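Accompanying notes for the structure given below.
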Amino acid sequence: MHASLKFYKLNHISQTFLSGTLLLLLLLSLQCEGTQYTYASPINFGSLPDDATQLVFKDFSAPTIVTNAFSNLRNCISMEFSNTDTTTVQQNAFSGVTTLVSLSIIDNKLSSIDQDAFNRLSLLLHLFLYNNLITQLDPSVFDGLTSLTDLRLYENQISQLDSSIFEELTALVDLDLSRNQISQLDPTIFNKQTQLKKLYLHTNQLSQLDATIFNGLTAVHRLDLGKNQLTNLDPSLFRDLVNLRQLHIQQNQLSNIDPSLFSTLTSLTTLSLNTNSITHLDPMSFIGLSDLDRLCLSSNQMSQLDPLLFEGLSSLSELRLEGNSFSQLPPSIFSDLSALTRLGLHYNQLQTLEWNIFGKSFIQQSKTFACAVVFNFDWEPGRNCAVIPVWLSHFY
């Protein structure tokens, strides 16, 4: 039997709410196999049906989730607190609902989570604590959550994390720590997350990463490091990320990219390096990235490109080079890019384009692409191409 319980717009709730004994003044809508039960008068929370499987609390004030709050619910698998002004979760708050698979305390004012708040939730798969006011977490707050696959802590005010905080989360697949204030991470913090597939660290204050921090994370296929303060990346940083498909390092302060940095990322399809301070790229920078589909190098400080830089990128369909300082491009620099359908060159200092810049084979395969390139230009005399008609005449 499946149930959905929803509590809406309560004006007041006492400190002992969620204790299992408090009477609530609420509008309760219970849907049970298509049958809806509505309670519009005070109800003993402990008397809710044992077969209730989903609880949603929203738009009322419940500042504290107290100890043993749900001791009478034995079949609940999903619980959500949204916009309930919740600030504190006490120890063993959910110990009575050991069947929980999904728990969300989101869009609240949560700042304090007791050490054993999630005790006995060994079946929990999804824990969402995003958009709160969390500044720190006890090192053992997630202990015992051995089944957890999805942890979302984004949009909080976390500045540091203990090295052992994720130690027991060995089944974790998705981890979102973005939009916090994290300035550093211990090199061993992800050591036990060998099943991790998605790791979001963007929009923090990271200025450096230890060379070993991603060691052993062979299952990761998406890594987002964008919008940090990274100035340098160790050549071996991504060495173990052999299944990585999407790598985002945009909006940092990188000026130099080691030519071997991406050498093991042979499965990579998306690479974002835009909005950094890169002045030069070694011709070996993208060697071996034959599956790369999208490469973004826009808004950097490059004035020239090596003729061999894009050699072997036969799968590349989108290349963004706008917002640099190119005054000219090497002949045939795009000749290997047979799959290219979108090219951004605007906001540079280009005056001319060599007629054979794409190579003969590319011209034969895609005569319509020339027009797409031209119309992607922002027409500003002195900044972009002024002799397009002459260039186009060589295509036909």
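The values are calculated or read from the model by the stated rules, or taken from the named source; none is laboratory data. Worth saying up front: this structure is predicted, and the values here are computed from it rather than measured. Cβ coordinates were reconstructed from backbone atoms using ideal geometry, including for glycine residues, and neighbour counts include every protein chain displayed.
Collect the residues in segment 92-113 that are at pLDDT below 95 and in a loop (DSSP other than H, G, I, E, B), keeping them in residue-number order. Listed by number, the residues that qualify are Asn92, Ala93, Phe94, Ser95, Gly96, Val97, Thr98, Thr99, Leu100. Summed over segment 263-299, the residues that are in contact with a strand residue (DSSP E or B) (Cβ under 8 Å, 6 or more places away or on another chain) and assigned to a loop (DSSP other than H, G, I, E, B) give a count of 11. Within segment 225-265, the set of residues being among the charged types (D, E, K, R) and within 16 Å of Leu297 (Cα to Cα) comprises Lys227, Asp258. The condition of being touching a residue at least 12 places away in the same chain (Cβ under 8 Å) and farther than 19 Å from Pro235 by Cβ holds for only one of Ser277, Ser314, that being Ser314.
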